[in-house]
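Everything below concerns the one structure shown next.
The values are calculated or read from the model by the stated rules, or taken from the named source; none is laboratory data. Just so you know, these numbers come straight off a predicted model, no measurement behind them. Don't worry about glycine lacking a Cβ; one is built from the backbone with ideal geometry, like all the others, and counts go over all protein chains shown. What goes into the accessible areas is simple: the full protein's heavy atoms, side chains included, and nothing from ligands, DNA or RNA. Shrake-Rupley method; radii C 1.70, N 1.55, O 1.52, S 1.80 Å.
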Amino acid sequence: MREPSHGTVERWAWDYVLADSLDAKLRPPPVPEVWEPAVAPVRRLDAPGRPPELRIVSKAGKTRGLAAPGGRARALHTFFHHELQAAELMAWAVLAFPETPREFRAGLVRIALDEIRHMHLYAEQIARLGFAIGQFTVRDWFWERVPRCVDAVSFVATMGLGVESANLEHTASFAARFRAAGDEEGARVQELIGREEIGHVRFGTHWFETLASALDFETWRRALPSPLSPVLMRGTPLHREARRSAGQTDRFLDELEAWQPVSPGY
């Protein structure tokens, strides 16, 4: 696989995915203004670089016990790693789908930078609770699944209309749970990130409709790479207000809420 030229956005994305230090993941250099020519090759990186602080396991621990600082720190550590994977996968998609409009790829870079900023917010909260990045194990769940996306439609179906949409429910749920544990600052950080995710979901909604020429539940469901299903792309209850703000219709949300797998979900 030919590496991107130095000084290009594509090289920035390449280097970010493959970086293997925590500082490089948290503080990448500024994004260049130069893009490779329209004939840039497809580059599908198989795996990200991993800082030694991040101990990858096949099955991560559950985010229970939020009454104790250690339990909340564990949950935040999981969310930190989710944001890292999201940032990496936005950069991955810049390389994997060079045929897409530059406006789309530039949007992926902007979202990657948002995710990196969210990583800093989570790292600060983890430190506030007396813990540090690397004290808990993590799982590369997103990386195990998202690179199966065959095209940009499948990618935005999985990330924008899937994982990031579900995070609208998850951030609201954990904000309430942190507040119930007496951690108002942690709750507010969850709410802040949840509000900012609306823009990411709106981006996914717009580009799915643009690239797939339709925004309906069945078109979206079929675009998810097997064996992913809508079960994993929703929280309970649906955060309908946030999803509507991101452009999802009531009909789409009704079908999402009602959908059940024919066989046990993956």
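Structure data summary
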{"quantity": "Of the trypsin sites (Lys or Arg not before Pro) in segment 1-57, those whose Cβ has at most 13 other Cβ within 10 Å and which sit in DSSP loop", "calculated": "R2, R44, R55"}
{"quantity": "Note, ³J(HN,Hα) from phi for segment 83-100, Karplus 6.51, -1.76, 1.60, rounded to Hz, x at Gly and Pro", "calculated": "5, 4, 4, 4, 4, 4, 6, 5, 5, 4, 5, 4, 7, 7, 10, x, 7, 6"}
{"quantity": "Table column - 3J(HN,Hα) (Hz), segment 130-135, Karplus curve with 6.51, -1.76, 1.60, x for Gly and Pro", "calculated": "x, 10, 9, 4, x, 7"}
{"quantity": "Cα-only radius of gyration and Dmax that characterise the chain, units Å", "calculated": "18.1, 54"}
{"quantity": "Estimated D of segment 1-57 in µm² per second, where Rh is the Kirkwood radius over Cα pairs and Stokes-Einstein applies at 4 °C, 1.567 mPa s", "calculated": "104 µm²/s"}
{"quantity": "Carbon + sulfur, % of accessible area of segment 97-167 - ligands and nucleic acids excluded, 1.4 Å", "calculated": "54 percent"}
{"quantity": "Rounded percent of accessible protein surface that carbon and sulfur make up, segment 190-257, 1.4 Å probe", "calculated": "48 percent"}
{"quantity": "Sparsely packed GluC sites (Glu not before Pro) within segment 91-173, loop by DSSP, other Cβ within 10 Å at most 16", "calculated": "E99"}
{"quantity": "The chain - percent relative contact order, Cα under 8 Å, separation 6 or more", "calculated": "17 percent"}
{"quantity": "Whole-Å distance, taken between Cα centres, linking segment 226-266 and segment 11-43", "calculated": "32 Å"}
{"quantity": "Calculated from backbone phi, Karplus (6.51, -1.76, 1.60) coupling profile of segment 157-168 in Hz, x at Gly/Pro", "calculated": "5, 7, 8, x, 8, x, 4, 6, 5, 4, 5, 5"}
{"quantity": "Per DSSP, loop GluC sites (Glu not before Pro) in segment 1-86 with at most 16 further Cβ within 10 Å", "calculated": "E33, E53"}
{"quantity": "Per residue value of the accessible surface for the chain (all protein chains in place, 1.4 Å probe), Å²", "calculated": "45 Å²"}
{"quantity": "Share of carbon and sulfur in the accessible heavy-atom surface of segment 36-91 [1.4 Å probe, %]", "calculated": "58 percent"}
{"quantity": "Helical contribution to [θ] at 222 nm, DSSP H n ≥ 4, -39,500 (n - 2.57), averaged over the chain, rounded to 500", "calculated": "-18000 deg cm²/dmol"}
